[in-house]
Amino acid sequence: MIRYLFNQSLLSFKNRYDYDISYMQDILQHDLSAFLKFIGLQMMSNHSAGLAAEPIFAARLQAILWDDCGPCTQLIVNLALEAKVESHIVRAIVAGDLDTLPEPTALVVRFTRLVLAHDPEADGLREQIIHRWGRKGLIAIGYAISSSRVYPALKYTLGYGNACSCIQVQETQIVPNITTVKTATPIK
């Protein structure tokens, strides 16, 4: 019965976001305990510590782009738009165009890139983030980065990964610039 209820919830999610839930259903079907832990990850993913949606989704989008350029990215784009992050901001992050982003958002994107690249230059940006949003904000950004990377890794591990695809941001299709996404500084 509990599996049925969880599956109904997954189907609702699928219909709301037009997202393939097969990997989640696979986990639910084969290991209820693992699925319950997966639900716990959702709580981590949604932690914001009171930060506005824009810096949180800047980190989530940059992190997901680092590991995926397909359905998971599209889902995060849709969630960002639903959270009222302006479409031109979302488009700029997906396109890797930091020059058009507000300074705080560009800071989070640059920081996320450096963190993912294990670049010591992240230390200076970390201090700027702490100054702007405090340690709670840094933790929320850290959760956004970390949790976003779990989904593509899990999907690819279970055999549900997809190849790159165009990302739809409202009426605009964007092909993620993976070269730009995986650099610590913007390519001009």
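The values are calculated or read from the model by the stated rules, or taken from the named source; none is laboratory data. Treat the numbers as computed from the prediction; the structure is a model and nothing was measured. With ideal geometry, Cβ positions are generated from the backbone for all residues, glycine too; neighbour counts draw on all protein chains shown.
Can residue 108 be described as under 13 Å from the mean Cα position of the chain (by Cα) and either modelled with pLDDT of 95 or more or closer than 22 Å to residue 79 by Cα (or both)? Yes. Just one of the listed residues (129, 141) is surrounded by 15 or more Cβ atoms within 10 Å (Cβ to Cβ) and either closer than 26 Å to residue 24 by Cβ or in contact with a Ser or Thr (Cβ under 6 Å, 6 or more places away or on another chain) (or both), namely 141.
For the stretch 114-133, the count of residues that are in contact with a Cys (Cβ under 9 Å, 6 or more places away or on another chain) and of a type in the set (Lys, Arg) is zero. Restricting the stretch 45-90 to residues that are modelled with pLDDT of 95 or more and in contact with a strand residue (DSSP E or B) (Cβ under 8 Å, 6 or more places away or on another chain), the residue that is surrounded by the fewest Cβ atoms within 10 Å (Cβ to Cβ) is 87.
All conditions in (1) assigned to a helix (DSSP H, G or I); (2) surrounded by fewer than 11 Cβ atoms within 10 Å (Cβ to Cβ) hold for residue 6, with the sole exception of (2). Residue count for the stretch 96-106 under the criterion of being in a helix (DSSP H, G or I) and surrounded by fewer than 19 Cβ atoms within 10 Å (Cβ to Cβ): the result is 5.
If you scan the stretch 28-44, which residues turn out to be surrounded by 17 or more Cβ atoms within 10 Å (Cβ to Cβ) and more than 17 Å from the chain's Cα centre (by Cα)? First the steps, then the outcome.
Start the filter on the stretch 28-44 by keeping residues that are surrounded by 17 or more Cβ atoms within 10 Å (Cβ to Cβ), which leaves 28, 35, 38.
Once the filter is applied, which keeps residues that are surrounded by 17 or more Cβ atoms within 10 Å (Cβ to Cβ) and more than 17 Å from the chain's Cα centre (by Cα), the stretch 28-44 yields 28, 35.
Exactly one residue out of 74, 29 is outside the structural domain of residue 134 (by TED's automatic domain parsing) and of a type in the set (S, T, N, Q), and it is 29.
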